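To start, the structure itself, in structure tokens.
The values are calculated or read from the model by the stated rules, or taken from the named source; none is laboratory data. Every value quoted in this text rests on a predicted model; they were computed, and no experiment measured them. Positions of Cβ are backbone-derived with ideal geometry, glycine not excepted, and every protein chain shown enters the neighbour counts. Areas reflect the complete protein model, heavy atoms only, side chains present, ligands, DNA and RNA absent. Shrake-Rupley method; radii C 1.70, N 1.55, O 1.52, S 1.80 Å.
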Amino acid sequence: MSGPEPGGGPPTLEKSGPPGAPEAAAPQAPEDGGRAGRFWSARRLPAALVALVVLGAAGVLLYDVAAVRAGRPAMSWRRRLADELATRPLDNAWVIGGAAAAALIGLWLLVLAVTPGLRGVLPMRRDTPDVRAGLDRRAAALVLRDRVMEISGVQSVRVDVGRHRIRTRARSHFRDLEEVRADVDTVLADGVRELGLARHPRLSVRVSRPVKR
């Protein structure tokens, strides 16, 4: 409900409905085969770095093994590494640190392998099975912001589009806050529906008066 903020600030209207009620969600479009998953990132940079490291290490090791087979002494780094592994205790700080670093790198690679990535792209509804489309979250926020700015009484608005929720913070310099919030809810619901997203994010709307200076 609207009313003065604590400390004499401007009135604010954030949610309509009884306390504890779920936030309003954009009306769902008919689900006629329009399901679509998130886009997977190619992750070319991590893959290229891992490939270069593995290729370089394998090449050096293969060259050293071939040199030993040909009667030459092993490289100093391999002799030193073998000596360190044979003499250094397992509770040594360098051993523990190296093992922790290897475990973290392995965990990071596993996370990259099993997660889609591309969090900034929202999948759109697949009306045609052979076509996949995505919408950049910043572009979606810009479209919804322009739609809300056309509402009478809205002075400024900020729209943050997430994967599961759209947060809208609007300031109204005239008209009743409840009326403005109702218009914002309607415009956002229509705007989200027209974006054609595969999964409609929930709407979180807050309307307030501008701060008087």
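Quick one: would you say Val60 is modelled with pLDDT of 85 or more, more than 28 Å from Val192 (Cβ to Cβ) and either β-branched (Val, Ile, Thr) or part of a loop (DSSP other than H, G, I, E, B) (or both)?
Spelling it out, Val60 is indeed modelled with pLDDT of 85 or more, more than 28 Å from Val192 (Cβ to Cβ) and either β-branched (Val, Ile, Thr) or part of a loop (DSSP other than H, G, I, E, B) (or both).
Working only within region 188-200, note down all residues that are assigned to a loop (DSSP other than H, G, I, E, B) and surrounded by fewer than 14 Cβ atoms within 10 Å (Cβ to Cβ).
none
Looking at Ala42, Ala47, Ala113, Ala58 in this structure, which one is without any contact (Cβ under 8 Å) to a residue 24 or more places away in the chain and either over 30 Å from Arg163 (Cβ atoms) or of a type in the set (Asp, Glu) (or both)?
None of the others qualify; the one that does is Ala58.
If you check every pair at least six apart or on different chains, which have Cβ atoms under 6 Å apart with a residue in region 78-106 that is touching a residue at least 12 places away in the same chain (Cβ under 8 Å) first and a residue that is part of a helix (DSSP H, G or I) second?
Arg78/Asp64
Would you confirm whether any residue within region 186-197 is among the β-branched types (Val, Ile, Thr), touching an Asp or Glu at 6+ places or on another chain (Cβ under 8 Å) and free of Cβ contacts under 8 Å to residues at least 60 places away in the same chain?
So far as region 186-197 goes, yes, one or more of its residues are among the β-branched types (Val, Ile, Thr), touching an Asp or Glu at 6+ places or on another chain (Cβ under 8 Å) and free of Cβ contacts under 8 Å to residues at least 60 places away in the same chain.
Mind counting the residues in region 158-193 that are closer than 17 Å to Val143 by Cβ and at pLDDT below 90?
Here the count works out to 2.
Would you mind telling me which numbered condition in (1) farther than 30 Å from Arg158 by Cβ; (2) in a helix (DSSP H, G or I); (3) open to solvent by 60 Å² or more (accessible area, probe 1.4 Å) Ala67 fails?
Condition not satisfied by Ala67: (3).
Does Asp130 satisfy the condition of being over 19 Å from Ser41 (Cβ atoms) and not in a helix (DSSP H, G or I)?
The answer is yes for Asp130.
From the list Arg78, Arg145, Arg137, pick out the single residue that is under 16 Å from His200 (Cα atoms) and either exposed (fewer than 10 other Cβ atoms within 10 Å of the Cβ) or out of contact with any Pro (no Cβ under 8 Å at 6 or more places or on another chain) (or both).
Arg137
Please state which one of Asp160, Asp185 is in a strand (DSSP E or B) and of a type outside the set (Val, Ile, Thr).
Asp160
Under 22 Å from Met124 (Cβ atoms) and open to solvent by 60 Å² or more (accessible area, probe 1.4 Å): which single residue out of Arg163, Arg175 fits that description?
So the residue among Arg163, Arg175 that is under 22 Å from Met124 (Cβ atoms) and open to solvent by 60 Å² or more (accessible area, probe 1.4 Å) is Arg163.
When you scan region 40-64, how many residues do you find that are open to solvent by less than 60 Å² (accessible area, probe 1.4 Å) and among the hydroxyl-bearing types (Ser, Thr, Tyr)?
So the count comes out to 1.
Here are Val180, Val148: which of them is in contact with a Gly (Cβ under 6 Å, 6 or more places away or on another chain), of a type in the set (A, V, I, L, M) and not in a strand (DSSP E or B)?
Values: Val148 fails: in contact with a Gly (Cβ under 6 Å, 6 or more places away or on another chain).
Step by step, each of Val180, Val148 is checked, and only Val180 is in contact with a Gly (Cβ under 6 Å, 6 or more places away or on another chain), of a type in the set (A, V, I, L, M) and not in a strand (DSSP E or B).
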